[in-house]
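Below is one structure, written out as structure tokens; the observations come after it.
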Amino acid sequence: MAKKLIVQKFGGSSVANVERIKKVAQKVVGYKRKGCDLVVVVSALGDTTDELVELANKINIEPSEREMDMLLSTGEQISVALLAMAIHKLGFEAISFTGAQVGIITDSSHTRARIIKINTDKIKEELKKGKIVIVAGFQGATLKKDITTLGRGGSDLTAVALAKELKADTCEIYSDVAGIYTTDPRIEPGARKIPAVTYDEMLEMASLGAQVMQSRSIEVAKKFNVPIHVRSSFSNHTGTMIIHPALIKKISGAKEAKMMEEVVVSGVTMNKSEAKITVCNVPDRPGVAARIFKELSSAGINVDMIVQNVSHLRQTDISFTVHKNQIGKAGKLTRKMAKLLKAGDVLEDRNIARVSIVGVGMKSHFGVAAAMFDALAKNKINIEMISTSDISISCIIQKKFAEKAVRILHKKFKLAKR
Ligand code: ADP
Ligand code: ASP
Ligand code: MG
């Protein structure tokens, strides 16, 4: 019988210090002892990536993206080497590689590169020799051999892409949480671990702020139907399966699956990384919004939520959100456009947060939005903007209320431990 191939990914908190790296080595070796082939993806130690970003910004607030990738990719290079050494110490063979060495080829969009292909020959060759293969997460290289990174949280993507390409039996994401919870357990200690979630729900939760999985990794998992097991680095308990909806029943058991079908909201998320821009008194005529947003998009600014108020006296206010890292540039361009279009003031608000509820059950239920707005209103939390998708509702509120709002909504939709 062919050996079982497992791709395991250990996040930054799982390898934050020497003791933890040794623990990870023991975990990996435990699977090797059981006769599995292992490809282990590792993130940078603890907060290394954040510290490297800070370091770069002390030198240049707008560093070259190519050089940023050169810098950030070093974090993962440290952790793979240390993990290999820890495994050697336990008497097992392991070999570490950078993304470039292992054949992860990406496009050249530095800091958010996309994987074009993975040449798995090297990995297979080392596995055949009986070695545990350790791969630096979050990075690749262009065909011209420039080092690239895959966006923050990108080690998840490395793991999923390798699992797909190697046709691994399992893809395990080890973190400092025991799985996917109904909300961030750091905000709501009563949050409940979910046995299984669909790709769509996880994708929505991730893109609305649940940092536990990088959203692009879920896109890839969904596209190629790669089941993911999110679990704790610090225990052996089963975590959460992120899977195709057809498998939910099998994983959760018929009873739990039925319960899940009845659940309208399965999670609450929060995101503090956006800022809001409002253009006041915009002339209400065709093409005005198009000109503002065209200007922003040609400057590479990603606009998220957009709200245009009801027009009165042929003038209207337009509000939209952008990533807070882009607010300076976005504000400048919007002021330029407002002047050109003879609109009024341009206001910037960096103190906002987005709270969202997510659930596939929403498609077939009425009154979910009303229940959300009511819960916030009863707690005197003002809603500044609203947006909806098929399976989520988001509200922009003031940042200082973000955690409180998460707890209120978690309670309102009865998500706590049963
Ligand atoms: P890693 O370093 O392992 O990649 P991350 O810090 O990227 O870990 O993600 C894990 C964190 O995600 C948890 O510590 C938790 O605070 C946060 N988190 C946010 N939302 C959720 C959620 N719904 N379920 C589980 N964890 C969540
Ligand atoms: N170290 C990278 C980051 O902090 C990638 C990862 O952890 O997945 O974003
Ligand atoms: Mg992560």
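The values are calculated or read from the model by the stated rules, or taken from the named source; none is laboratory data. Note that the coordinates shown come from a computational prediction; the quantities given were computed from them, not determined experimentally. Here the Cβ is made from the backbone with ideal geometry for all residues, glycine too, and neighbour counts use every protein chain on show.
Taking the numbered list (1) touching a residue at least 60 places away in the same chain (Cβ under 8 Å); (2) more than 15 Å from ligand 2 (Cβ to nearest atom); (3) farther than 17 Å from Y31 by Cβ in turn, F92 passes all entries but (3). If I ask for residues that are polar (S, T, N, Q) and within 16 Å of ligand 2 (Cβ to nearest atom), which ones from the range 1-42 would you list? If the condition is that a residue be polar (S, T, N, Q) and within 16 Å of ligand 2 (Cβ to nearest atom), then Q8, S13, S14, N17 are the ones that fit. Scanning the range 203-233 for residues that are of a type in the set (A, V, I, L, M) and either farther than 24 Å from A353 by Cβ or away from ligand 2 (no atom under 16 Å from the Cβ) (or both) returns L203, M205, L208, V220, A221, V226, I228, V230. Answer yes or no: is there a residue in the range 177-188 that is away from ligand 3 (no atom under 16 Å from the Cβ), at pLDDT 95 or above and of a type in the set (D, E, K, R). For the range 177-188, residues away from ligand 3 (no atom under 16 Å from the Cβ), at pLDDT 95 or above and of a type in the set (D, E, K, R): present.
Annotation note: Cβ proximity below 6 Å between a residue of the range 31-60 that is within 15 Å of S73 (Cα to Cα) and a residue that is more than 15 Å from ligand 1 (Cβ to nearest atom) and part of a loop (DSSP other than H, G, I, E, B) (sequence gap 6+ or interchain) occurs for A56/P63.
Restrict the check to the range 43-52 and report whether at least one residue is away from ligand 2 (no atom under 16 Å from the Cβ), exposed (fewer than 15 other Cβ atoms within 10 Å of the Cβ), under 20 Å from R112 (Cα atoms) and among the charged types (D, E, K, R). No, the range 43-52 contains no residue that is away from ligand 2 (no atom under 16 Å from the Cβ), exposed (fewer than 15 other Cβ atoms within 10 Å of the Cβ), under 20 Å from R112 (Cα atoms) and among the charged types (D, E, K, R). Say we look at the range 189-207 and pick out the residues that are part of a loop (DSSP other than H, G, I, E, B) and surrounded by fewer than 22 Cβ atoms within 10 Å (Cβ to Cβ); which of these is farthest from ligand 3 (Cβ to nearest atom)? Among those residues, the one meeting the criterion is G190. More than 16 Å from ligand 3 (Cβ to nearest atom) and more than 19 Å from L5 (Cβ to Cβ): does that describe K164? So K164 fails the test. Y174 meets the conditions (1) more than 30 Å from A416 (Cα to Cα); (2) within 14 Å of ligand 2 (Cβ to nearest atom); (3) part of a strand (DSSP E or B) in every case but one. The failed one is (1). Listed by position, the strands (runs of 3 or more DSSP E) enclosed by the range 73-139 that each have at least 3 residues that are of a type in the set (A, V, I, L, M) and surrounded by 23 or more Cβ atoms within 10 Å (Cβ to Cβ) are 132-136.
Only one of the listed residues (A369, A402, A416, A338) is assigned to a loop (DSSP other than H, G, I, E, B) and either under 30 Å from E62 (Cβ atoms) or touching a Ser or Thr at 6+ places or on another chain (Cβ under 9 Å) (or both). That residue is A416. Of all residues in the range 321-337, those satisfying the criterion of being in contact with a helix residue (DSSP H, G or I) (Cβ under 8 Å, 6 or more places away or on another chain) and either within 28 Å of V53 (Cβ to Cβ) or of a type in the set (A, V, I, L, M) (or both) are V322, A330, L333, T334, M337.
Name the one entry in S175, S217 that is more than 28 Å from K404 (Cβ to Cβ) and crowded, with 22+ Cβ neighbours inside 10 Å. Of S175, S217, the one residue that is more than 28 Å from K404 (Cβ to Cβ) and crowded, with 22+ Cβ neighbours inside 10 Å is S217. From the list G46, G35, the lone residue that is small (G, A, S), within 14 Å of ligand 1 (Cβ to nearest atom), on the phi > 0 side of the Ramachandran plot and in a loop (DSSP other than H, G, I, E, B) is G46.
Applying the set (1) touching a Phe, Trp or Tyr at 6+ places or on another chain (Cβ under 8 Å); (2) away from ligand 3 (no atom under 12 Å from the Cβ); (3) within 19 Å of R216 (Cβ to Cβ) to I147 leaves exactly one unmet item: (1). None of G328, G344 is touching a strand residue (DSSP E or B) at 6+ places or on another chain (Cβ under 6 Å) and surrounded by fewer than 17 Cβ atoms within 10 Å (Cβ to Cβ) except G344.
Among the residues of the range 295-318, is there at least one that is aliphatic (A, V, I, L, M), under 30 Å from T198 (Cα atoms), touching a residue at least 12 places away in the same chain (Cβ under 8 Å) and in a helix (DSSP H, G or I)? Scanning the range 295-318, I find no residue that is aliphatic (A, V, I, L, M), under 30 Å from T198 (Cα atoms), touching a residue at least 12 places away in the same chain (Cβ under 8 Å) and in a helix (DSSP H, G or I), so the answer is no.
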